[in-house]
Amino acid sequence: MAEHILVLAEQLEGQLTDVTLELIGVARRLAASRGSGVDALVLGDGVSSLAATVPADRTLLMEHPALRLFNPEAAQRALEAVARETSPWLVLVPNTSLGMDVAAAVATRLGWPLVAYCQAIEERDGQLVATSQLFGGKILADCPVGTDHAVLSVLAGAFSSEAAAPEPPARIERLTPPAELDALRVRATGLERPEAADVDITRAEKIVAVGRGIESKDNLELAEELAEGLGAVVAASRPLVDAGWLPRSRQVGKSGLKVKPRLYLALGISGAPEHLEGMRDAELIIAVNKDPKAPIFDVAHYGVVADLFDVAEALQERLGG
Ligand SMILES: Cc1cc2nc3c(=O)[nH]c(=O)nc-3n(C[C@H](O)[C@H](O)[C@H](O)COP(=O)(O)OP(=O)(O)OC[C@H]3O[C@@H](n4cnc5c(N)ncnc54)[C@H](O)[C@@H]3O)c2cc1C
């Protein structure tokens, strides 16, 4: 029976992402309950110094020119080969823009079950249960995971990164890349960064974030005034950016930016997992939403079930606006 856990380490331009440490942390807890260990797989080209910083029991390093930039096909082939070779109990993949392109394909190719969008993984009565967030967090599905192999794709921010011990790996093993990496159909030609932003929301201490509840572009003025009174900057959920109401540099979330301000005031944002991924680490989250069941309240330190226009007006009055 397979016991150990394999974590796909995520790196971008040679930097390990936070979610990798979160996954190693949860893998450690699960592996410890079986007296087993954690392998981390680092994919890239010229990333051996990065591999030396990954706090797993064993770091598996695979380098190949096709892995220099993220290429979903290359990552799929590499992870599949390693999973076949090492036969872990669980494969943990970050449920990020990169990991989403890998987890389902690898699970299908291996014929192993996949639980995606995991926000919790715990032992209950001797049975491992992975909780998957469905429909933007409106439904939580408990999925029993057997003792056989499985792939779990885990939401960023669902677990603490502190559980990953800071020590470097006990062992680093260099793996031979599978032959498929020399015959890929997908080629990554470059990494494009967005143009420089008017405001860097990742450095803002206070953020007034607006979602679809703001209703129209004209109402953004309200958020701007409130932000000015609070000494904050305005950010938004993705639909507002997609509608062209605010530039991409103001988008918080999975396909936007990750922010960690001292204050995050969320007005009319439902709290879909893709949005939470970008802001759940804020020091103080205050959410205003008409719907008491909105998932944003699950991460908010203070929640106001009310019309955002009423709250904004009252706040403006208090701020003397
Ligand atoms: C691959 C992928 C990547 C994505 N990346 C991102 C991302 O980076 N960032 C992101 O934000 N989303 C992202 N999304 C989209 C995400 O799934 C949600 O659709 C989006 O976050 C919803 O935005 P919202 O909360 O503004 O809108 P909605 O979900 O429509 O929520 C609006 C909320 O406003 C409330 N409301 C309405 N009127 C009022 C009022 N007058 N007063 C108070 N509350 C009110 C409603 O109750 C509701 O909860 C991504 C999706 C995918 C599939």
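Considering only residues of region 231-245 that are more than 7 Å from the ligand (Cβ to nearest atom) and surrounded by fewer than 18 Cβ atoms within 10 Å (Cβ to Cβ), which is nearest to residue 100 (Cα to Cα)?
Per the stated criteria, the residue is 242.
Out of 271, 278, which single residue is within 9 Å of the ligand (Cβ to nearest atom) and assigned to a loop (DSSP other than H, G, I, E, B)?
None of the other options fit; the residue is 271.
Residues to consider are 227, 188, 209; find the one that is more than 29 Å from residue 134 (Cα to Cα) and either within 16 Å of the ligand (Cβ to nearest atom) or not in a loop (DSSP other than H, G, I, E, B) (or both).
Result of the check over 227, 188, 209: 227.
Could you list, in sequence order, the residues of region 24-82 that are under 19 Å from the mean Cα position of the chain (by Cα) and polar (S, T, N, Q)?
Those that are under 19 Å from the mean Cα position of the chain (by Cα) and polar (S, T, N, Q): 71, 76.
Listed here are the residues, each with its yes/no results for (1) assigned by TED's automatic domain parsing to the domain that holds residue 277; (2) among the hydroxyl-bearing types (Ser, Thr, Tyr); (3) within 15 Å of the ligand (Cβ to nearest atom); (4) crowded, with 16+ Cβ neighbours inside 10 Å.
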| position | (1), (2), (3), (4) |
| --- | --- |
| 82 | no, no, no, yes |
| 92 | no, no, no, yes |
| 108 | no, yes, no, no |
| 138 | no, no, yes, no |
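Of all residues in region 110-136, how many are surrounded by fewer than 19 Cβ atoms within 10 Å (Cβ to Cβ) and either outside the structural domain of residue 9 (by TED's automatic domain parsing) or of a type in the set (S, T, N, Q) (or both)?
Looking only at that region, the number is 2.
Touching a residue at least 60 places away in the same chain (Cβ under 8 Å) and among the basic types (Lys, Arg): is that true of residue 280 in this structure?
Yes.
Being in a loop (DSSP other than H, G, I, E, B) and within 15 Å of the ligand (Cβ to nearest atom), is that true of even one residue in region 176-184?
no
The values are calculated or read from the model by the stated rules, or taken from the named source; none is laboratory data. The model shown is predicted, which means the values in this text are computed figures rather than measured ones. Note that each Cβ is placed from the backbone with ideal geometry, even for glycine, and that neighbours are counted across all protein chains shown.
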